[in-house]
Amino acid sequence: MYKKMAGALFMLPLLFSHHAEAAEPQDLYTEPMTVKLVPSAKPSVTITGSYELIDLDTGDTIDIDNDIIFEHNSNEVTAVVSGSKKYTSDEGYSLQENGPFANNFLTISKVFPAGASTSSNNQYRGSLIIEPAGGSAPEIYNVLNMEDYLKGVVPREISAGWPVESLKAQAVAARNYAKVNMSNNNFLYDTVQSQVYAGRTGEHTRSNQAVDETKGKVATHNGSLITAYYHASSGGYTENSENVWSTALPYTRAVEDPFDNHSANPNTSWSENITKEQLGQAVFKSSWIVVDVKVVERSDAGRVQKLEVSAVNKSSGARETRIVPNGTSPDSIRNNVGKTLKSTMFDVKKEGGSVKVKTAGGAEETHDQALGMKLKQPDGSESTINYENLAVRQAGGSTDYISTAASSFIFTGKGWGHGLGMSQWGAYNMANQGKSYEEILKHYYTGIQIVQQ
């Protein structure tokens, strides 16, 4: 894990200068960001511009050329310079700029940028810290200025081709998010776990312009920075923070969002078919078959807060009902039903499974499923229906097989994401309608001010 080095430097006799503590690369930047990258084994780094390599154990500066390979085991990192010169450190290395310059950048081979599933070459502004780790690859952290970090975030969170005011709104929201989270953590991730960050490779001139034109702009509420949550699409209404996770935030209130519903937004409606087996495995175990799903609680904005899921055990015929979520946030419903749902703003209905049952008095009743019902045998005994297909002998002597439960459940919904704060597709439409980035932000975050910091 990334270890913060002491900020102070101590004056030591020249005789011991090779053991002087290394300066932090964070000291180079006005507002430093530290982002954890995901390298594969033996990543190599190609230098463009002016950099120096410092041993974090001894403070020594190592002579380098433009290419360095980093090898490692769980206890140490080895820097291979000029193809053959090897230097080993128990603490790792800082590959840092000789002063921050716009034309400096580093190209890392064999890195998985922004959560990518395959490794590639990727460029990063700023400096690197390379430390030993327990796995097959070292830990690498990109340290750079806040504004340069945002240039690698904004075009990965929304399209750089969108209206510039929506890009500016995203830049301010991302700046707020970064400030708040960096103040509480040693580093951020380059994935959706924090914000998607693709480094210099991910930048675009239009989004860079949006970052530059909002430099230092942040959103505050009663003088304090807000945590500016954002999402892809609200489905027509954003949500109160306590209805998604747990904490009630005064600036994250549900607001009607007519701007989100437009023809360019692909999330105005969606549908997901989940089989009874998938639901059964997710909510119960593989021996259970789900026979019914009901929405039992919604927020005022229309998002599902609780589901009631009923199932029958295939072995015993026992019936059980559970509430989802069970002790977790309402937003966890999206990942707890067998497939990932785009949002919790949905309805659910059954697909198939209707059966007719003749009662003892001779009347017929229609039911959604027969699982769990009692079936009278020819000898007068009763058994519980706990199988998915029921053999029924017709009057002419033939046998038909009917399904005893719904084959699947169809979830139809609107929006994409948790629904808190700014809808990116809504911001797109507001900007198209001539709204400024400040108007966009003030629509989605209640009672805020936009200030310069």
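The values are calculated or read from the model by the stated rules, or taken from the named source; none is laboratory data. It should be emphasised that the depicted structure is a prediction, and the values quoted were computed from it without experimental measurement. Don't worry about glycine lacking a Cβ; one is built from the backbone with ideal geometry, like all the others, and counts go over all protein chains shown. Surface areas here come from the heavy atoms of the whole protein model, side chains and all, with no ligands, DNA or RNA. Shrake-Rupley method; radii C 1.70, N 1.55, O 1.52, S 1.80 Å.
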Residues (touching a Gly at 6+ places or on another chain (Cβ under 7 Å) and either polar (S, T, N, Q) or surrounded by fewer than 19 Cβ atoms within 10 Å (Cβ to Cβ) (or both)) located in the range 104-121: Asn104
Leading residue by the ranking (nearest to Asn186 (Cα to Cα)) among those in the range 43-77 that are of a type in the set (A, V, I, L, M) and surrounded by 18 or more Cβ atoms within 10 Å (Cβ to Cβ): Leu56
Considering only the range 171-204, how many residues are of a type in the set (Asp, Glu) and open to solvent by 10 Å² or more (accessible area, probe 1.4 Å)? 1
Please go through the range 183-212 and pick out each residue that is of a type in the set (A, V, I, L, M, F, W, C) and at pLDDT below 95. Val192
I need a count of the residues in the range 278-293 that are open to solvent by 20 Å² or more (accessible area, probe 1.4 Å), in contact (Cβ under 8 Å) with a residue 24 or more places away in the chain and not in a helix (DSSP H, G or I). 3
Odd one out for Ser233 among (1) surrounded by fewer than 22 Cβ atoms within 10 Å (Cβ to Cβ); (2) small (Gly, Ala, Ser); (3) closer than 24 Å to Arg334 by Cα: (1)
Any strands (runs of 3 or more DSSP E) falling wholly within the range 123-238 and containing at least 3 residues that are hydrophobic (A, V, I, L, M, F, W, C): 127-131, 139-145
Taking the conditions exactly as written (open to solvent by 30 Å² or more (accessible area, probe 1.4 Å), of a type outside the set (Ser, Thr, Tyr), out of contact with any helix residue (DSSP H, G or I) (no Cβ under 9 Å at 6 or more places or on another chain) and closer than 16 Å to Ala301 by Cα), does Asn222 satisfy them or not? no
Hits in the range 402-435 (condition: over 17 Å from Ile158 (Cα atoms) and polar (S, T, N, Q)): Ser403, Thr404, Ser407, Ser408, Thr412, Gln433
Flag for Tyr87 being open to solvent by less than 30 Å² (accessible area, probe 1.4 Å) and aromatic (Phe, Trp, Tyr): no
Being in contact with a Ser or Thr (Cβ under 9 Å, 6 or more places away or on another chain) and among the acidic types (Asp, Glu), is that true of even one residue in the range 164-176? yes
Looking at Ser40, is it in contact with a Lys or Arg (Cβ under 7 Å, 6 or more places away or on another chain) and open to solvent by less than 60 Å² (accessible area, probe 1.4 Å)? yes
Subset of the range 408-444 that is more than 14 Å from His231 (Cα to Cα), open to solvent by 50 Å² or more (accessible area, probe 1.4 Å) and not polar (S, T, N, Q) - its residue that is farthest from the chain's Cα centre (by Cα): Gly434
If a residue must be over 23 Å from the mean Cα position of the chain (by Cα), open to solvent by 30 Å² or more (accessible area, probe 1.4 Å) and of a type in the set (S, T, N, Q), how many such residues does the range 122-144 contain? 1
Please specify each residue of the range 294-328 satisfying the condition of being under 29 Å from Val255 (Cα atoms), of a type in the set (Val, Ile, Thr) and not in a loop (DSSP other than H, G, I, E, B). Val295, Val296, Val304, Ile323, Val324
Based on this model, can you work out whether Gln96 counts as open to solvent by less than 20 Å² (accessible area, probe 1.4 Å), outside any loop (DSSP other than H, G, I, E, B) and either touching a residue at least 24 places away in the same chain (Cβ under 8 Å) or among the charged types (D, E, K, R) (or both)? yes
From the option list Met5, Met1, single residue qualifying as part of a loop (DSSP other than H, G, I, E, B), open to solvent by less than 50 Å² (accessible area, probe 1.4 Å) and modelled with pLDDT under 95 is Met5
Condition set of a type outside the set (Gly, Ala, Ser) and surrounded by fewer than 17 Cβ atoms within 10 Å (Cβ to Cβ), scope the range 210-219, selection farthest from Trp162 (Cα to Cα): answer is Lys215
Which pairs turn up if I take residues in the range 262-274 that are on the phi < 0 side of the Ramachandran plot and part of a loop (DSSP other than H, G, I, E, B) and look for partners that are open to solvent by 30 Å² or more (accessible area, probe 1.4 Å) and basic (Lys, Arg) with beta carbon separation below 9 Å, at least 6 apart in sequence or on another chain? Asn267/Lys342; Asn267/Lys414; Thr268/Lys414; Ser269/Lys414
Within the range 329-347, take every residue that is buried (at least 17 other Cβ atoms within 10 Å of the Cβ) and either part of a strand (DSSP E or B) or among the charged types (D, E, K, R) (or both) and give me the one that is farthest from the chain's Cα centre (by Cα). Phe346
